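> Starting off with a structure, shown below.
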Amino acid sequence: MMRFPVASQAVTVPLVQTEENGFRQFVHQAMQAPVLSAEEEMQLATRYRSNNDLQAAHRLVHAYLRLVIKTAREYVHYRLNLPDLVQEGTVGLMHAVKQFDPQRGARLASYAIWWIRAAIHDYILRSWRLVKIATTRLKRQLFFKLRQSKDSTALLTRQEASELAEKFATDTETILEVDGRMIGSDESLNQPLLEEGEEWIEQIPDHRPNQEMQMLSADRQKWIRRLLQSGFARLNEREQQIVTARYLAEEPQTLDSVAHSLAISRERVRQLEKRALEKLREFFVSAPAGQELLLPA
């Protein structure tokens with residue numbers, strides 16, 4: 001059992017069983033959990049957030065275990081056990097439930113998916129020998145990006161590496177180095193996954209859009225807009241004008257151009273821009289999962 005800490009209390013959530021039969025039973029139970037309506041989700045999340053209602057938290061977690069399982073299946077090609085991936089994703093889901101604020105208007109699924117993926121990514125980074133070798137942040141990012149971008153398990157040609165280097169804003173040698181390490185640990189996708197004969201290749205996810213992911217994407221876009229609007233509201237009128245002209249316009253303006261339109265000096269524009277970005281950065285750092293929207297300092 002896993003404990004879900006809240007103050008001095010804890011809600012127990014069954015961990016994924018490592019035995020095959022236990023895992024199948026876990027998946028079956030997760031898929032049988034009732035889907036929550038928006039109203040039910042709001043009530044449960046409010047009860048948990050306001051009153052530390054552990055039963056409400058328990059229901060929220062179980063209602064979204066199917067999302068954890070679906071997400072974990074996308075990562076089986078990293079040659080890690082699916083039960084372990086699901087277990088790590090469940091930890092991410094529980095963190096999401098702890099941090100979820102129903103008053104922000106987003107559904108829990110839209111918020112939780114990022115916690116689930118983050119937990120699984122962290123587990124992969126801790127588990128893969130190749131990633132441990134890739135000690136820089138850039139190489140760890142390339143590990144995931146190359147896995148998603150490559151159409152085959154063959155080594156990249158220098159031309160292909162050059163194109164990817166331009167795409168990922170790095171150099172050709174770094175791409176070739178990371179690709180070579182990845183290939184060194186690849187195994188056949190036709191090797192058996194289970195005793196029944198199912199192969200790894202059969203677990204590769206279908207990335208074509210589906211209704212569930214489209215809904216999550218739409219909810220995420222709404223959440224981003226609301227978060228940006230909240231951050232923008234913390235700026236005064238002149239700061240809003242500068243940030244809009246410098247970062248949000250279809251053709252961003254130069255400092256000189258903004259200074260001319262506002263009838264102030266170029267240095268003053270730079271100072272106001274810096275202050276505005278610091279305000280936004282402070283807001284996004286404090287907002288749940290807002291760090292991904294941070295603007296460059």
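> What is the one condition in (1) modelled with pLDDT of 85 or more; (2) crowded, with 16+ Cβ neighbours inside 10 Å; (3) in a helix (DSSP H, G or I) that Trp223 does not satisfy?
(1)
> Continuing with this model, one more query. Starting from residues that are of a type outside the set (A, V, I, L, M) and in contact (Cβ under 8 Å) with a residue 12 or more places away in the chain, keep the ones in the range 30-42 and report whichever is farthest from Ala96 (Cα to Cα). Show your work before the answer.
Initial filter on the range 30-42 (of a type outside the set (A, V, I, L, M)): 32, 34, 37, 39-41.
The next check asks that each one be in contact (Cβ under 8 Å) with a residue 12 or more places away in the chain; those that pass are 34, 41.
Working: Pro34: 19, Glu41: 13 Å.
Per the stated criteria, the residue is Pro34.
> Among (1) modelled with pLDDT of 90 or more; (2) touching a Leu at 6+ places or on another chain (Cβ under 6 Å), there is one condition Ser110 misses while meeting the rest; what is its number?
(1)
> Restricting to the range 37-74, and then to whatever is of a type in the set (Ser, Thr, Tyr) and part of a helix (DSSP H, G or I), can you tell me which residue is farthest from Trp115 (Cα to Cα)? Spell out how you get there, then give the answer.
Let us first name the residues in the range 37-74 that are of a type in the set (Ser, Thr, Tyr), namely 37, 46, 48, 50, 64, 71.
Now drop any that are not part of a helix (DSSP H, G or I), which leaves 46, 48, 50, 71.
On the way: Thr46: 20, Tyr48: 18, Ser50: 22, Thr71: 11 Å.
Checked the range 37-74; the qualifying residue farthest from Trp115 (Cα to Cα) is Ser50.
> Hey, another quick one. I'd like the residue in the range 226-256 that is within 13 Å of Phe284 (Cα to Cα) and loosely packed, with under 11 Cβ neighbours inside 10 Å and, out of all such residues, is modelled with the lowest pLDDT.
Gln229
The values are calculated or read from the model by the stated rules, or taken from the named source; none is laboratory data. Nothing here was measured: the structure is a model prediction, and the numbers come from that model. Don't worry about glycine lacking a Cβ; one is built from the backbone with ideal geometry, like all the others, and counts go over all protein chains shown.
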